[in-house]
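Have a look at the structure below before the remarks.
The values are calculated or read from the model by the stated rules, or taken from the named source; none is laboratory data. If you're wondering where the values come from, they're calculated on a predicted model, not measured in any experiment. Here the Cβ positions follow ideal geometry from the backbone for every residue, glycine too, while neighbour counts run over all protein chains shown. Calculation scope for accessible area: heavy atoms of the full protein, side chains included, ligands and nucleic acids excluded. Shrake-Rupley method; radii C 1.70, N 1.55, O 1.52, S 1.80 Å.
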Amino acid sequence: MAHFITFLLVLSLSLTFSLLPETASAQLRQNYYAKTCPNVESIVRNSVTKKFRQTFVTVPATIRLFFHDCFVQGCDASVIIQSTGSNKAEKDHPDNLSLAGDGFDTVIKAEQAVDAVPSCRNKVSCADILAMATRDVIALSGGPSYAVELGRLDGLRSTAASVNGKLPHPDFNLNQLNSMFAAHGLTQSDMIALSAAHTVGFSHCSKFSNRIYNFSRQSAVDPTLNRAYATQLQQMCPKNVDPRIAINMDPNTPRAFDNVYYKNLQQGKGLFTSDQVLFTDKRSKPVVDAWAANSNTFNSAFIAAITKLGRVGVKTGRNGNIRRNCDAFN
(Lines give C-alpha, C1' and ligand atoms only; values in the text may rest on other atoms or scores of the structure.)
Protein backbone atom coordinates (compact mmCIF):
# COMPACT_ATOMS: atom_id res chain seq x y z
CA MET A 1 0.00 0.00 0.00
CA ALA A 2 2.83 2.37 0.93
CA HIS A 3 4.50 1.70 -2.44
CA PHE A 4 1.21 2.48 -4.22
CA ILE A 5 0.79 5.79 -2.33
CA THR A 6 4.40 6.72 -3.18
CA PHE A 7 3.67 5.87 -6.82
CA LEU A 8 0.57 8.11 -6.81
CA LEU A 9 2.55 10.94 -5.20
CA VAL A 10 5.32 10.71 -7.81
CA LEU A 11 2.73 10.52 -10.59
CA SER A 12 0.88 13.61 -9.36
CA LEU A 13 4.16 15.52 -8.96
CA SER A 14 5.31 14.59 -12.47
CA LEU A 15 1.93 15.65 -13.89
CA THR A 16 2.16 18.93 -11.99
CA PHE A 17 5.60 19.65 -13.40
CA SER A 18 4.60 18.63 -16.92
CA LEU A 19 1.70 21.11 -16.77
CA LEU A 20 3.90 24.01 -15.64
CA PRO A 21 4.68 26.42 -18.50
CA GLU A 22 8.16 26.07 -19.94
CA THR A 23 10.49 28.93 -19.18
CA ALA A 24 10.45 31.36 -22.07
CA SER A 25 14.16 30.91 -22.69
CA ALA A 26 13.54 27.21 -23.45
CA GLN A 27 12.25 28.21 -26.90
CA LEU A 28 15.55 29.92 -27.77
CA ARG A 29 17.77 27.94 -30.09
CA GLN A 30 20.45 28.38 -32.68
CA ASN A 31 19.20 28.37 -36.30
CA TYR A 32 15.71 29.38 -35.13
CA TYR A 33 15.03 30.99 -38.53
CA ALA A 34 16.38 28.09 -40.63
CA LYS A 35 13.01 27.62 -42.38
CA THR A 36 11.59 31.16 -42.36
CA CYS A 37 14.66 33.30 -43.11
CA PRO A 38 17.68 31.00 -43.52
CA ASN A 39 20.20 33.75 -44.38
CA VAL A 40 19.19 36.11 -41.57
CA GLU A 41 22.54 35.96 -39.78
CA SER A 42 24.56 36.90 -42.86
CA ILE A 43 22.05 39.64 -43.77
CA VAL A 44 22.39 41.17 -40.30
CA ARG A 45 26.17 40.72 -40.25
CA ASN A 46 26.58 42.47 -43.62
CA SER A 47 24.43 45.39 -42.47
CA VAL A 48 26.28 45.68 -39.14
CA THR A 49 29.66 45.51 -40.90
CA LYS A 50 28.64 48.38 -43.18
CA LYS A 51 27.64 50.47 -40.15
CA PHE A 52 30.86 49.49 -38.30
CA ARG A 53 32.93 50.79 -41.24
CA GLN A 54 31.16 54.16 -40.93
CA THR A 55 31.88 54.55 -37.21
CA PHE A 56 33.54 52.53 -34.44
CA VAL A 57 30.91 53.86 -32.00
CA THR A 58 28.69 51.15 -33.52
CA VAL A 59 30.51 48.64 -31.27
CA PRO A 60 30.04 50.04 -27.74
CA ALA A 61 26.67 51.58 -28.65
CA THR A 62 25.19 48.24 -29.75
CA ILE A 63 26.59 46.22 -26.84
CA ARG A 64 25.29 48.77 -24.33
CA LEU A 65 21.88 48.87 -26.02
CA PHE A 66 21.59 45.07 -25.65
CA PHE A 67 22.56 45.22 -21.97
CA HIS A 68 20.17 48.08 -21.18
CA ASP A 69 17.41 46.26 -23.05
CA CYS A 70 17.84 42.92 -21.26
CA PHE A 71 18.10 44.39 -17.75
CA VAL A 72 14.75 46.20 -18.08
CA GLN A 73 11.75 43.94 -18.85
CA GLY A 74 14.07 41.36 -20.48
CA CYS A 75 15.64 41.07 -23.96
CA ASP A 76 12.61 42.28 -25.92
CA ALA A 77 13.80 45.39 -27.84
CA SER A 78 11.59 47.58 -25.61
CA VAL A 79 14.50 50.02 -25.21
CA ILE A 80 14.27 50.89 -28.93
CA ILE A 81 10.65 52.11 -28.78
CA GLN A 82 10.16 55.85 -29.35
CA SER A 83 8.13 57.84 -26.85
CA THR A 84 4.73 59.14 -27.94
CA GLY A 85 2.44 61.87 -26.57
CA SER A 86 0.75 59.31 -24.32
CA ASN A 87 3.79 57.20 -23.36
CA LYS A 88 7.27 58.08 -22.15
CA ALA A 89 9.36 55.08 -23.26
CA GLU A 90 12.41 53.40 -21.70
CA LYS A 91 14.90 55.23 -23.91
CA ASP A 92 13.86 58.58 -22.39
CA HIS A 93 14.62 57.58 -18.81
CA PRO A 94 17.65 59.56 -17.48
CA ASP A 95 19.72 56.32 -17.23
CA ASN A 96 19.18 55.72 -20.97
CA LEU A 97 19.72 59.23 -22.34
CA SER A 98 23.43 58.49 -22.82
CA LEU A 99 22.72 55.50 -25.10
CA ALA A 100 24.42 56.47 -28.37
CA GLY A 101 22.18 56.90 -31.40
CA ASP A 102 24.47 54.64 -33.44
CA GLY A 103 23.27 51.60 -31.47
CA PHE A 104 19.63 52.27 -32.35
CA ASP A 105 20.61 52.99 -35.95
CA THR A 106 22.50 49.67 -36.17
CA VAL A 107 19.33 47.73 -35.32
CA ILE A 108 17.03 49.85 -37.54
CA LYS A 109 19.37 49.45 -40.55
CA ALA A 110 19.69 45.69 -39.96
CA GLU A 111 15.90 45.34 -39.73
CA GLN A 112 15.53 47.21 -43.02
CA ALA A 113 18.07 44.85 -44.63
CA VAL A 114 16.19 41.79 -43.35
CA ASP A 115 12.81 43.14 -44.48
CA ALA A 116 14.22 43.90 -47.94
CA VAL A 117 14.24 40.12 -48.52
CA PRO A 118 10.58 39.28 -49.33
CA SER A 119 10.60 35.85 -47.65
CA CYS A 120 12.04 37.36 -44.44
CA ARG A 121 9.76 40.39 -44.17
CA ASN A 122 8.09 40.63 -40.73
CA LYS A 123 9.48 37.21 -39.80
CA VAL A 124 12.43 38.24 -37.59
CA SER A 125 12.05 40.03 -34.26
CA CYS A 126 13.91 43.24 -33.42
CA ALA A 127 14.98 41.57 -30.15
CA ASP A 128 16.76 38.85 -32.15
CA ILE A 129 18.27 41.39 -34.55
CA LEU A 130 19.75 43.24 -31.55
CA ALA A 131 21.14 39.95 -30.15
CA MET A 132 22.75 39.12 -33.51
CA ALA A 133 24.10 42.65 -34.00
CA THR A 134 25.68 42.51 -30.53
CA ARG A 135 27.46 39.26 -31.39
CA ASP A 136 28.63 40.79 -34.68
CA VAL A 137 30.09 44.02 -33.23
CA ILE A 138 31.98 42.03 -30.59
CA ALA A 139 33.57 39.88 -33.32
CA LEU A 140 34.26 42.90 -35.57
CA SER A 141 36.24 44.56 -32.77
CA GLY A 142 38.41 41.51 -32.14
CA GLY A 143 36.32 39.76 -29.50
CA PRO A 144 35.16 36.15 -29.53
CA SER A 145 32.56 35.04 -32.05
CA TYR A 146 29.80 32.75 -30.81
CA ALA A 147 26.61 31.06 -31.96
CA VAL A 148 23.69 33.23 -30.87
CA GLU A 149 20.45 31.76 -29.57
CA LEU A 150 17.34 33.12 -31.31
CA GLY A 151 13.57 32.97 -30.90
CA ARG A 152 12.70 36.07 -28.85
CA LEU A 153 9.57 38.08 -29.54
CA ASP A 154 9.40 41.87 -29.24
CA GLY A 155 7.88 43.32 -26.08
CA LEU A 156 4.48 45.00 -26.00
CA ARG A 157 5.35 47.62 -23.34
CA SER A 158 8.05 50.23 -22.86
CA THR A 159 7.87 52.77 -20.05
CA ALA A 160 10.49 55.08 -18.58
CA ALA A 161 9.18 54.22 -15.10
CA SER A 162 10.15 50.55 -15.57
CA VAL A 163 13.84 51.54 -15.78
CA ASN A 164 13.99 52.85 -12.19
CA GLY A 165 16.59 50.96 -10.15
CA LYS A 166 17.19 48.36 -12.85
CA LEU A 167 20.58 49.46 -14.24
CA PRO A 168 23.97 49.44 -12.46
CA HIS A 169 25.52 52.79 -11.61
CA PRO A 170 29.20 53.77 -11.93
CA ASP A 171 29.59 54.07 -8.15
CA PHE A 172 28.25 50.60 -7.29
CA ASN A 173 30.22 48.34 -4.94
CA LEU A 174 30.54 44.57 -5.38
CA ASN A 175 27.48 43.73 -3.27
CA GLN A 176 25.30 46.11 -5.28
CA LEU A 177 26.60 44.73 -8.58
CA ASN A 178 26.14 41.11 -7.48
CA SER A 179 22.59 41.60 -6.24
CA MET A 180 21.50 43.42 -9.41
CA PHE A 181 22.95 40.71 -11.67
CA ALA A 182 21.65 37.90 -9.43
CA ALA A 183 18.12 39.26 -9.95
CA HIS A 184 18.52 38.09 -13.57
CA GLY A 185 20.09 34.73 -12.73
CA LEU A 186 23.62 35.96 -13.41
CA THR A 187 26.53 35.02 -11.14
CA GLN A 188 29.43 37.13 -9.90
CA SER A 189 31.61 35.59 -12.64
CA ASP A 190 29.00 36.51 -15.26
CA MET A 191 28.98 40.07 -13.92
CA ILE A 192 32.80 40.33 -14.05
CA ALA A 193 32.80 38.95 -17.61
CA LEU A 194 30.07 41.32 -18.84
CA SER A 195 31.83 44.30 -17.23
CA ALA A 196 34.58 43.77 -19.81
CA ALA A 197 32.29 45.40 -22.38
CA HIS A 198 33.91 48.56 -20.97
CA THR A 199 37.01 47.55 -22.93
CA VAL A 200 35.43 49.31 -25.95
CA GLY A 201 33.19 51.84 -24.23
CA PHE A 202 33.40 55.57 -23.66
CA SER A 203 32.06 57.71 -20.86
CA HIS A 204 31.07 61.30 -20.20
CA CYS A 205 33.24 63.03 -17.58
CA SER A 206 30.35 63.51 -15.16
CA LYS A 207 30.12 59.74 -14.60
CA PHE A 208 33.46 59.59 -12.79
CA SER A 209 34.38 63.21 -11.92
CA ASN A 210 33.86 62.51 -8.21
CA ARG A 211 36.83 60.10 -8.35
CA ILE A 212 39.23 62.79 -9.57
CA TYR A 213 37.98 65.94 -7.80
CA ASN A 214 35.95 65.34 -4.67
CA PHE A 215 36.23 61.72 -3.60
CA SER A 216 36.25 62.19 0.19
CA ARG A 217 37.26 64.55 2.98
CA GLN A 218 40.57 62.70 3.31
CA SER A 219 41.39 62.54 -0.38
CA ALA A 220 40.18 64.57 -3.37
CA VAL A 221 41.31 61.73 -5.67
CA ASP A 222 40.15 58.14 -5.19
CA PRO A 223 43.21 56.36 -3.68
CA THR A 224 42.47 53.21 -5.72
CA LEU A 225 43.02 55.22 -8.92
CA ASN A 226 46.44 55.08 -10.56
CA ARG A 227 48.08 58.49 -9.87
CA ALA A 228 49.33 59.12 -13.41
CA TYR A 229 45.97 58.00 -14.83
CA ALA A 230 44.13 60.35 -12.44
CA THR A 231 46.26 63.28 -13.70
CA GLN A 232 45.55 62.27 -17.29
CA LEU A 233 41.80 62.16 -16.55
CA GLN A 234 41.93 65.63 -14.94
CA GLN A 235 43.57 66.97 -18.11
CA MET A 236 40.90 65.41 -20.35
CA CYS A 237 38.07 66.33 -17.99
CA PRO A 238 38.76 69.76 -16.42
CA LYS A 239 36.22 70.86 -13.82
CA ASN A 240 34.08 72.93 -16.18
CA VAL A 241 34.32 70.52 -19.11
CA ASP A 242 31.73 70.54 -21.89
CA PRO A 243 29.19 67.88 -20.75
CA ARG A 244 29.21 66.39 -24.25
CA ILE A 245 32.89 65.41 -24.00
CA ALA A 246 33.39 61.64 -23.73
CA ILE A 247 36.59 59.70 -23.15
CA ASN A 248 37.65 56.10 -23.75
CA MET A 249 37.04 53.70 -20.87
CA ASP A 250 40.08 51.61 -21.84
CA PRO A 251 43.11 53.94 -22.06
CA ASN A 252 45.29 51.29 -23.75
CA THR A 253 43.30 49.42 -26.42
CA PRO A 254 40.04 51.39 -26.76
CA ARG A 255 39.18 49.90 -30.16
CA ALA A 256 39.82 46.26 -29.32
CA PHE A 257 37.45 43.96 -27.47
CA ASP A 258 40.02 42.21 -25.29
CA ASN A 259 41.13 41.21 -21.79
CA VAL A 260 43.25 44.38 -21.42
CA TYR A 261 40.26 45.65 -19.41
CA TYR A 262 41.40 43.36 -16.57
CA LYS A 263 45.08 44.30 -16.96
CA ASN A 264 44.01 47.94 -16.58
CA LEU A 265 42.22 47.09 -13.32
CA GLN A 266 45.44 45.52 -11.99
CA GLN A 267 47.16 48.88 -12.61
CA GLY A 268 44.45 51.01 -10.98
CA LYS A 269 43.10 52.13 -14.35
CA GLY A 270 39.44 51.18 -14.00
CA LEU A 271 37.46 54.28 -14.96
CA PHE A 272 34.41 53.72 -12.77
CA THR A 273 34.30 52.73 -9.11
CA SER A 274 32.23 49.76 -10.32
CA ASP A 275 35.14 48.71 -12.56
CA GLN A 276 37.99 49.15 -10.08
CA VAL A 277 36.11 47.44 -7.25
CA LEU A 278 36.37 44.17 -9.19
CA PHE A 279 40.10 44.25 -8.44
CA THR A 280 40.13 45.92 -5.01
CA ASP A 281 37.53 43.55 -3.52
CA LYS A 282 39.25 40.30 -2.57
CA ARG A 283 36.16 38.28 -3.52
CA SER A 284 36.42 39.19 -7.20
CA LYS A 285 40.16 39.88 -7.53
CA PRO A 286 41.18 36.23 -8.30
CA VAL A 287 38.90 36.19 -11.37
CA VAL A 288 40.27 39.52 -12.61
CA ASP A 289 43.83 38.18 -12.21
CA ALA A 290 42.99 34.93 -14.01
CA TRP A 291 41.36 36.66 -16.98
CA ALA A 292 44.09 39.29 -17.21
CA ALA A 293 46.55 36.42 -17.60
CA ASN A 294 44.55 34.28 -20.03
CA SER A 295 42.44 35.70 -22.86
CA ASN A 296 41.05 32.28 -23.84
CA THR A 297 39.63 31.71 -20.36
CA PHE A 298 38.08 35.17 -20.45
CA ASN A 299 36.59 34.64 -23.93
CA SER A 300 34.91 31.39 -22.82
CA ALA A 301 33.50 33.05 -19.70
CA PHE A 302 32.26 36.03 -21.70
CA ILE A 303 30.46 33.82 -24.24
CA ALA A 304 28.76 31.90 -21.42
CA ALA A 305 27.74 35.15 -19.67
CA ILE A 306 26.36 36.97 -22.72
CA THR A 307 24.44 33.84 -23.74
CA LYS A 308 22.83 33.77 -20.28
CA LEU A 309 22.12 37.51 -20.53
CA GLY A 310 20.31 36.88 -23.82
CA ARG A 311 17.90 34.51 -22.06
CA VAL A 312 16.66 37.10 -19.57
CA GLY A 313 12.93 37.85 -19.64
CA VAL A 314 12.37 36.47 -23.13
CA LYS A 315 8.85 37.09 -24.51
CA THR A 316 6.89 34.27 -26.13
CA GLY A 317 3.32 33.56 -27.25
CA ARG A 318 0.84 36.32 -26.43
CA ASN A 319 3.47 38.24 -24.42
CA GLY A 320 5.13 39.51 -27.58
CA ASN A 321 5.03 39.89 -31.35
CA ILE A 322 7.25 40.77 -34.30
CA ARG A 323 7.32 44.53 -34.81
CA ARG A 324 6.98 45.93 -38.29
CA ASN A 325 9.19 48.85 -37.22
CA CYS A 326 11.62 48.31 -34.36
CA ASP A 327 11.00 51.73 -32.83
CA ALA A 328 7.18 51.60 -32.76
CA PHE A 329 4.51 49.15 -31.57
CA ASN A 330 2.40 47.52 -34.29
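Miscellaneous remarks
- Cα-based shape type of the range 174-310, given that a ≥ b ≥ c are square roots of the gyration tensor eigenvalues and the cut on a/c is 1.5: prolate
- Amide N proximity, the range 133-153 versus Asn319 label position 7 Å along Cα-to-Cβ, cut-off under 15 Å: 151-153
- Label zone at Thr224, where the point sits 7 Å out along the Cα-to-Cβ direction: the range 156-194 residues whose backbone N lies under 13 Å: 170-178
- By definition, a body whose alpha carbon gyration tensor gives a ≥ b ≥ c is oblate when a/c is 1.5 or more and a/b is not larger than b/c, and the range 206-274 fits this oblate description.
- Protection proxy ranking, highest mean first, for peptides 294-306, 200-212: 200-212, 294-306, where packing is the per-residue count of other beta-carbon atoms within 10 Å, averaged.
- Of all accessible heavy-atom area on the chain, the percent that carbon and sulfur account for (1.4 Å): 54
- Over 31 Å between alpha carbons, listed pairs Lys35/Lys315; Lys35/Lys308; Lys282/Lys315; Lys35/Lys88: Lys282/Lys315; Lys35/Lys88
- Simple spin-label estimate for Ala183 and Gln232 in nanometres, 7 Å along Cα-Cβ: 3.4
- Options (1) 33, 57, 9; (2) 30, 54, 14, 2, 0; (3) 33, 61, 6, 0 - which one matches P(r) over Cα pairs in 20 Å bins from 0, in percent as calculated here: (2)
- Using just its DSSP H runs of length 4 or more, each adding -39500 (n - 2.57), the chain gives a mean residue ellipticity at 222 nm of -13500 deg cm²/dmol after division by all residues.
- Applying 0.36 nm per residue to the separation of Arg244 and His204 and subtracting their alpha-carbon distance, the gain on full extension is 13.7 nm.
- Excluding same-chain neighbours fewer than eight residues apart, the lysines reachable from Lys239 by a Cα-Cα span under 17 Å are Lys207.
- Solvent exposure of the chain as accessible area per residue, Å², 1.4 Å probe: 48
- The listed peptides 35-48, 162-175, ordered by packing as a protection proxy, come out as 35-48, 162-175 (highest mean of other Cβ atoms within 10 Å first).
- R0 of 35 Å, Cβ-Cβ distance Gln176-Arg217: FRET efficiency to nearest 0.05: 0.95
- Computed extension gain for Lys88 through Leu167, at 0.36 nm per residue and net of the alpha carbon distance, reaches 26.7 nm.
- Overall form of the range 76-162 per C-alpha gyration tensor (a/c, 1.5; a/b vs b/c): oblate
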